[in-house]
1. Given H placed 1.01 Å from N in the peptide plane, which residues other than close sequence neighbours of residue 194 have an amide H under 5 Å from its amide H?
2. If I take R0 = 22 Å and measure r between the Cβ atoms of residue 248 and residue 330 in this structure, what FRET efficiency does the formula 1/(1 + (r/R0)^6) give, to the nearest 0.05?
3. What is the list of residues in segment 369-401 whose amide nitrogen lies under 12 Å from a point 7 angstrom out from the Cα of residue 354, following Cα to Cβ?
4. On the Cα set of segment 320-401, report Rg and Dmax in Å, please.
5. Would you kindly give the portion of the calculated P(r) for segment 192-349 that falls above 29 Å, as a percent of all Cα pairs?
6. Based on the alpha-carbon gyration tensor of segment 136-273 and its eigenvalue square roots a ≥ b ≥ c, which shape applies: rounded if a/c is under 1.5, prolate if not and a/b is larger than b/c, or oblate?
7. Treat each spin label as a single point 7 Å out from the Cα along the C-beta direction, and report the residue 35 to residue 291 distance in nm.
8. In terms of the ratio Rg/(2.2 N^0.38 Å) built on C-alpha atoms, what value belongs to segment 271-344?
Amino acid sequence: MNSNSADHSDEKAYRVAYLIAGYIRKSLTEEEHDELDAWVEGSDENMKLFEELTDEKHIEANLAWMDSVQTEQALKKAKEGLAFTPEKKVKNTINWRRYAAAASIILAIAAIFFLRTGPVPPRTAVADNLPPPALDVLPGSERATLTLGDGTIIDLQKTIVGTIKADEGATIQKNAEGELMYAEQTDIKETSYHTLATPKGGQYALTLSDGTKVWLNAESSLRYPAQFTDTGRVVELKGEGFFEVAKDKGRPFLVRTTTGEEVKVLGTQFNVMAYGNEEGKKITLVEGRIRIATQNGGLTLKPGQQALVEKNDVRLAAHPDMEAAIGWKRGEFVFHDADIYAIMRQVERWYDVNVIFRTTSSEHFNFSISRKEPLSKLLHLMELTGKIHFKIDQKTVYVLP
């Protein structure tokens, strides 16, 4: 490896670490802020690393580590064993994981400096443009209601683990993970229909009587028979759901959406996004094969393909984004070249807030973040561009220029 390249890589890595440490210490100049923002926007990896290193838990871990390590030892550790690789042309970044090593050490050294010279200034809403924790909006959780065939409505968040209720043709259990499970019963001629519904800020999972698993996203509902009979397996979806269908060649599985589409399968994994306030509907196939039917046509999908449904017409997506389509099921927001309006529709559903736009924007964003994070952190990632700002007022989010 060329020593000049290595030295340059070291210098650049330590520069980024210095900027991140300065950001946490609130000591950056306006020019340094701009330099850090440019680096963060440089790639998804940079933004993910910045998010991790500025997390309070990460900082507290560094402080705890430095309690047991002398400054001289930390400096020695910072200088030894950090062989950065030369800069690569791909994405114009060097190995971003090595930034983490350098940044973690410099953050720790910075922490010791401030422990010796005075307390680290508290994180404030003014400095970070974030609301105090008590005023922040927490993420959604496992919340849903179950409506039985006789009209009984059960709040599943308040229901203890165990048997919920057995009505005609149904034995229902709530397991320790907070999921619904239906036991299969044989020789069922008639059955009642149940509806599982999630509010804004809620999600839920269930296993149907045939073994099919369904995950419902926020502000969604699924209507289904408590027991599938020999006539087939038909469910009705409103909103968004991920399906892992149990194989049964004799009884095809049919998902009907409230917006008019039908998805027919034998055994497969797929996601259906069919919210009424979205411009188009997206059906994404992970495994198996499905047939989509609309009023004006049909389409068969193979794994890795995505169908776009608009005005009762269906077509293949030219560049399907699998990560963005099913990220929610893994507990993540994933945005790739997503416009602010599409992002804020997801924010409304998951955080149960109202969004008011006080500006028009054509900005697109690339980032991912856990759905367990408070709302302020998600908004802050977008504010790092300097092109959009937000204000949280209780359950209302204002989008500002």
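Just so you know, all these numbers are worked out from the coordinates, no wet-lab data involved. Nothing here was measured: the structure is a model prediction, and the numbers come from that model. Cβ sites come from the backbone with ideal geometry, for glycine too, and all protein chains shown count toward neighbours.
1. 224, 226
2. With a Förster radius of 22 Å, E is 0.25.
3. Only 393-398 fall inside the zone, counting backbone N under 12 Å.
4. That works out to 12.1, 36 Å for Rg and Dmax.
5. 11
6. Since a/c reaches 1.5 but b/c is at least a/b, the shape of segment 136-273 is classed as oblate.
7. About 6.3 nm separates the two model spin labels.
8. Here the Cα radius of gyration is 1.09 times the empirical estimate.
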